[in-house]
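Colleague: Here's a structure for you.
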Amino acid sequence: DPAIKDKIAEFKVVSTGTDAPAQLGAIEDFINQGYDAIVTIAVAPDGFDRVIRLADKNNVVLVPFDNVLDTDAVMQVNEDQLMMGRMWAQFALDELKAKGVTSGKILEVRGLPGNSVDRDRSIGINETFKADGGAWEIVSVVGNWDDGTTQKVVADAIAVHGQFEAVVGQGGSNGVIQALSDAGHPWVPVAGESENGYRKAIAKHSGEGLKGISIGQSPGLVAIAMKAAVSALGGNVMPQLISVPLP
């Protein structure tokens, strides 16, 4: 982006996967190397107090985005994950009620365990079904936001529980569609992430009765986090939480 190109002298990327201690170690290493700002997808919502203090001591701007922290000690960039979960669940409920269905099994496909995004989305999903008052049985499986893993756990859930009235999932949404198709499961309302393959699958099978909603994390979150960090380093007072609209 020409607007900030001249403000960044060096840009480095490191991936630590889902290993929280490795992530904390990498952040500490960046601070010790003298980097001015660090943006990160936090793999856990807590445990960052030490690196936050270290960043503060060294005047380093630390900006968690996407998977954020349960703290008010840093500036963060995210979408409303609780609302996302509620919207997914409400879509499924509205589709089911339009068919006169007010009870049955709902398959919830969780994301990566232990982080704030998976937790908050799941809270939104479950509280919406609970508030509805219907006789819903929520069956939860863990798909790790991964198509292959999701396809396997959904297939296993169908084999064990039989038919579901709807599937409300997180990432790995194309795996949901593939598992339903492979099992010969009737098309039911499916809620999922903003993945291209998932959206193509909804379009492909829409004529057969598949209806889905696709909401997710904008790839732009990282760019917003970087711009926010650059702005803060420029001496601008920034909001503690930057919330991006749900796409």
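The values are calculated or read from the model by the stated rules, or taken from the named source; none is laboratory data. Computed from a predicted structure; not experimentally measured. Please note: Cβ atoms are built from the backbone with ideal geometry, for glycine as well, and neighbour counts cover all protein chains shown. Side chains are part of the model used for accessible areas, which takes the heavy atoms of the whole protein and leaves out ligands, DNA and RNA. Shrake-Rupley method; radii C 1.70, N 1.55, O 1.52, S 1.80 Å.
Colleague: Counting only other residues whose beta carbon sits under 9 Å from that of I106, what net charge do I get with K and R as +1, D and E as -1?
Modeller: Within the 9 Å Cβ shell, the charges total -2.
Colleague: So, one more: Express the C-alpha Rg of region 92-214 as a ratio against the empirical globular expectation 2.2 N^0.38 Å, rounded to two decimals. Write out the running numbers ahead of the final one.
Modeller: On the way: Rg = 13.2 Å, N = 123, 2.2 N^0.38 = 13.7 Å.
So the Cα radius of gyration is 0.96 times the expected 2.2 N^0.38 Å.
Colleague: From the P(r) of region 126-189, could you give the percentage of C-alpha pairs in the tail past 13 Å? Spell out each step's value before the answer.
Modeller: Numbers: 1223 of 2016 pairs.
For region 126-189, the fraction of Cα-Cα distances above 13 Å is 61 percent.
Colleague: Taking the Cβ of G143 as the center, what net charge do the other residues with Cβ under 14 Å away carry, scoring Lys and Arg +1 and Asp and Glu -1?
Modeller: In short, -4.
Colleague: Take the solvent-accessible surface of the protein heavy atoms, probe 1.4 Å, and return the percent of it on region 1-65 that carbon and sulfur atoms account for. Please report the intermediate quantities before stating the final value.
Modeller: On the way: 1970 of 4060 Å².
The nonpolar share, carbon plus sulfur, comes to 49 percent.
Colleague: Between region 1-72 and region 101-158, what's the alpha-carbon centroid distance in Å?
Modeller: Computed from Cα coordinates, the inter-centre distance equals 31 Å.
Colleague: From the P(r) of region 1-133, could you give the percentage of C-alpha pairs in the tail past 23 Å?
Modeller: Summing the P(r) tail past 23 Å for region 1-133 gives 47 percent.
Colleague: Could you pull out the pairs from K152/K204; K130/K200; K130/K211; K200/K227; K130/K152 whose alpha carbons sit more than 25 Å apart here?
Modeller: K130/K200; K200/K227; K130/K152
Colleague: While we're here: Once whole DSSP H runs in the chain are found, which of them have Cα atoms spread over 18 Å or more along the helix axis and a mean Kyte-Doolittle score of at least 0.5?
Modeller: Both cut-offs are met by 220-233.
Colleague: Follow-up. Lys and Arg at +1, Asp and Glu at -1: add these up for the other residues within a Cβ distance under 12 Å of N174 and post the number.
Modeller: Net local charge, N174 excluded: -1.
Colleague: Of all the C-alpha pairs in region 68-121, what % are more than 19 Å from each other?
Modeller: 43 percent
Colleague: Restricting the calculation to Cα positions, tell me the Rg (one decimal) and the Dmax (whole number) of the chain in Å.
Modeller: Spelled out, the Cα radius of gyration and Dmax of the chain are 20.2, 61 Å.
Colleague: May I ask for the equivalent-ellipsoid semi-axes of region 163-225, computed as the square root of five times each C-alpha gyration tensor eigenvalue and listed largest first in whole Å?
Modeller: Semi-axes (√(5λ), whole Å): 24, 11, 9.
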